[in-house]
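Visitor: Okay, handing you the structure first.
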Amino acid sequence: MATKAGRDEKEKSKQRILDSAAKLFAQKGYDGVGIREICRDADANICMVSYFWGGKKGLYKGIVDNLVERQTAYAKKFFNFDIEPETLPKKEQIDLLFIILDKAIDLVYGDFMSKDLFRFLLQEQQNGNIELTSPTFTYIRKLIGAIFNKNYNDRDIIFKMVFILSQMNSPRIMPAFSLSLLRQDNFTEEDIAIIKKNVKIYVNALLKEEGIFQVRS
């Protein structure tokens, strides 16, 4: 029977492999890196890839699956997926959207997602190799749809979600530009507060345009 220490070490090895795979796939592309190189970089036994993912293709998919799993666990700490957004009063819908965006910014600019993982996701989305969907993104889209009284599959709602998330992520998407202007290597707490403020301004502008009352300044 496996001991707790043994299970913990396997989980640590698993995360190291995922981190190394994201980094090397981002640097060299899927075809440019092999399992041996990934495991060497992760200081992990090559057998662990077969154990957890079955092979290179499964490991590639596992990077996104792991991110979605951790993102969902984080989101469950501050809202209930089982409560459908359209059942909430309008004010509670808007309050919840601001809470989710605030927490999401903390996630994006914290330690949750490494620069390598962020780069991997951007590159692979641009190349059309992955479709990043998650229960959290679906819930946000439903919430935005409920706020603006439209179906969450409506084109306008899809674009609203994309534009809101773009406002939130743009400094992270363009770090070489934003950080070079700031003359620093990473985002500070002050920077994160400014990003949150600007996202709120943008969302409030959308609400005002639709004649929906504002609840946050």
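The values are calculated or read from the model by the stated rules, or taken from the named source; none is laboratory data. Worth saying up front: this structure is predicted, and the values here are computed from it rather than measured. Positions of Cβ are backbone-derived with ideal geometry, glycine not excepted, and every protein chain shown enters the neighbour counts.
Visitor: Any chance you could count how many residues in segment 85-139 are among the aromatic types (Phe, Trp, Tyr) and modelled with pLDDT of 95 or more?
Guide: Selection size over segment 85-139: 2.
Visitor: Hey, any hits in segment 21-35 for a residue that's out of contact with any helix residue (DSSP H, G or I) (no Cβ under 8 Å at 6 or more places or on another chain) and either aromatic (Phe, Trp, Tyr) or farther than 16 Å from Phe120 by Cβ (or both)?
Guide: Scanning segment 21-35 turns up no residue that is out of contact with any helix residue (DSSP H, G or I) (no Cβ under 8 Å at 6 or more places or on another chain) and either aromatic (Phe, Trp, Tyr) or farther than 16 Å from Phe120 by Cβ (or both).
Visitor: Continuing with this model, one more query. Go through segment 1-48 and give me each residue that's within 24 Å of the chain's Cα centre (by Cα), assigned to a helix (DSSP H, G or I) and farther than 22 Å from Phe112 by Cα.
Guide: Listed by number, the residues that qualify are Lys28, Tyr30.
Visitor: Which one of these does Phe163 not meet: (1) under 20 Å from the mean Cα position of the chain (by Cα); (2) modelled with pLDDT of 90 or more; (3) closer than 19 Å to Ala75 by Cβ; (4) not small (Gly, Ala, Ser)?
Guide: (3)
Visitor: Here's something else I'd like to know. Within segment 149-168, track down each residue that is surrounded by fewer than 16 Cβ atoms within 10 Å (Cβ to Cβ) and among the aliphatic types (A, V, I, L, M).
Guide: The answer is Ile158, Val162.
Visitor: Now for a separate question. All but one of (1) closer than 16 Å to Lys103 by Cα; (2) not in a helix (DSSP H, G or I) hold for Tyr139; which doesn't?
Guide: Single failed check for Tyr139: (2).
Visitor: Checking Pro171 against (1) within 19 Å of Glu84 (Cα to Cα); (2) crowded, with 18+ Cβ neighbours inside 10 Å; (3) of a type outside the set (A, V, I, L, M): exactly one of these is not met. Which one?
Guide: Condition (1) is where Pro171 drops out.
Visitor: Being at pLDDT below 90 and touching a Leu at 6+ places or on another chain (Cβ under 8 Å) is the filter; apply it to segment 174-203 and report the residue that is nearest to Phe98 (Cα to Cα).
Guide: That would be Asn186.
Visitor: Somewhere in segment 81-89, is a residue closer than 19 Å to Ile164 by Cα and either crowded, with 18+ Cβ neighbours inside 10 Å or not hydrophobic (A, V, I, L, M, F, W, C) (or both)?
Guide: Yes: one or more hits.
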